[in-house]
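Below is one structure, written out as structure tokens, with a few remarks after it.
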Amino acid sequence: AGRKVITLVLRATTQANAGDFDDSLRLLKRATELDPLSPAAWRSLAVRSYHARRYDDGAAAAQRAIALDPSLGLVHLFLAVMRWKQGRLDEALAEARAERLDEWRAMGLAIVHAARGEEREAREALDRLIERNGDTMGYQIAIVMCERGDRDAAFHWLERAYETRDPGLAMCAVDPSFEPLHGDPRWRAFLRKMKLAD
């Protein structure tokens with residue numbers, strides 16, 4: 001089952017990047033049925049559910065992943081952001097703090113503290129993320145800037161991500177985090193440069 005699960009997760013990623021979330025989620029649900037004890041499969045389902053804006057399903061998948069492997073990275077970050085989108089800010093903060101990987105914890109705290117109006121804490125987390133990971137996480141920093149409502153900074157970091165060939169950019173056309181940029185003429189120009197738009 002292991003190899004088949006990996007194949008399904010990879011196919012699901014390709015479908016999600018193309019904006020076909022229904023097929024992506026179908027493939028990932030099949031992966032969790034084949035190997036219900038795979039934390040990585042449940043985490044992938046959580047991440048793609050977030051991108052599909054299906055926060056209840058995504059939160060449930062994230063909780064399954066955490067139950068199977070409490071040390072798993074990235075999953076608390078996505079659960080934090082989904083709880084924020086659901087308006088559950090206390091839970092969002094707890095999940096952001098619980099993230100195991102330093103860079104993803106800083107990202108989560110930068111977003112959630114800003115959403116809670118805690119600007120000093122948000123800025124500290126953002127500064128930490130930029131200082132330690134500015135060369136490798138331009139895409140994620142752009143997301144934080146977008147969630148903070150700073151469009152100019154979001155575009156600046158998207159350009160940085162482009163320069164460093166950040167793999168996250170494969171998702172940018174369909175990532176809900178960038179919806180606030182969609183009405184800006186710079187967004188269409190950026191997608192064209194990425195060959196993700198005509």
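Quick note: the coordinates plus some simple rules give every number you see, no bench work behind them. In this text the structure is predicted, and so the values were computed from the model without any measurement. Ideal geometry is used to build each Cβ from the backbone, glycine not excepted, and the neighbour counts take in all protein chains shown.
Whole-Hz ³J(HN,Hα) for each residue in segment 139-154, computed from phi via Karplus 6.51 cos²θ - 1.76 cosθ + 1.60 with θ = phi - 60°, x for glycine and proline: what do you get?
Computed from phi, the couplings for segment 139-154 are 4, 5, 5, 4, 4, 4, 4, 5, 5, 7, x, 9, 5, 4, 5, 4 Hz.
On each of the three principal axes of the Cα atoms of segment 88-198, give max minus min coordinate, whole Å, ordered largest first.
Per principal axis, max minus min of the Cα coordinates gives 42, 26, 20 Å.
Assuming R0 = 41 Å, what is the FRET efficiency of R88 and E159, from their Cβ-Cβ distance, to the nearest 0.05?
Computed FRET efficiency for R88 and E159: 0.75.
Please quote Rg/Rh for the chain to two decimal places, taking the Kirkwood radius as Rh and restricting both calculations to Cα atoms.
0.96
What is the log10 of I(q)/I(0) for segment 142-198, computed with the Debye formula using one identical point scatterer on each Cα and no solvent, at q = 0.17, 0.28, 0.29, 0.31 Å⁻¹?
For segment 142-198 at q = 0.17, 0.28, 0.29, 0.31 Å⁻¹, log10 I(q)/I(0) is -0.46, -1.37, -1.47, -1.64.
Classify segment 53-110 as rounded, prolate or oblate from the Cα gyration tensor: take a ≥ b ≥ c as the square roots of its eigenvalues, call it rounded if a/c is under 1.5, otherwise prolate when a/b beats b/c and oblate if not.
Oblate shape, in that a/c is at least 1.5 and b/c is the bigger or equal ratio.
Counting pairs of Cα atoms in segment 13-107, how many percent are more than 21 Å apart?
Above the 21 Å cut-off, segment 13-107 has 27 percent of its Cα pairs.
Taking only DSSP H segments of four or more residues, each worth -39500 (n - 2.57), what value at 222 nm results for the chain once the sum is divided by all its residues, to the nearest 500 deg cm²/dmol?
My calculation for the chain gives -22000 deg cm²/dmol from helical runs alone.
Over all pairs of distinct alpha carbons, what does the Kirkwood formula give as the hydrodynamic radius of segment 24-77, in Å?
Result for segment 24-77 stands at 10.5 Å.
Between E119 and D20, what FRET efficiency comes out of the Förster formula 1/(1 + (r/R0)^6) with R0 = 35 Å and r the beta carbon distance, rounded to 0.05?
That pair, D20 with E119, gives E of 0.40.
Would you calculate the separation in nanometres between label points at R100 and Q63, each defined as 7 Å from the Cα along the Cα-to-beta-carbon direction?
Reported label-point gap for R100 and Q63 is 2.0 nm.
First measure r as the distance between the Cβ atoms of L34 and A197, then evaluate 1/(1 + (r/R0)^6) with R0 = 25 Å and state the FRET efficiency to the nearest 0.05.
0.10
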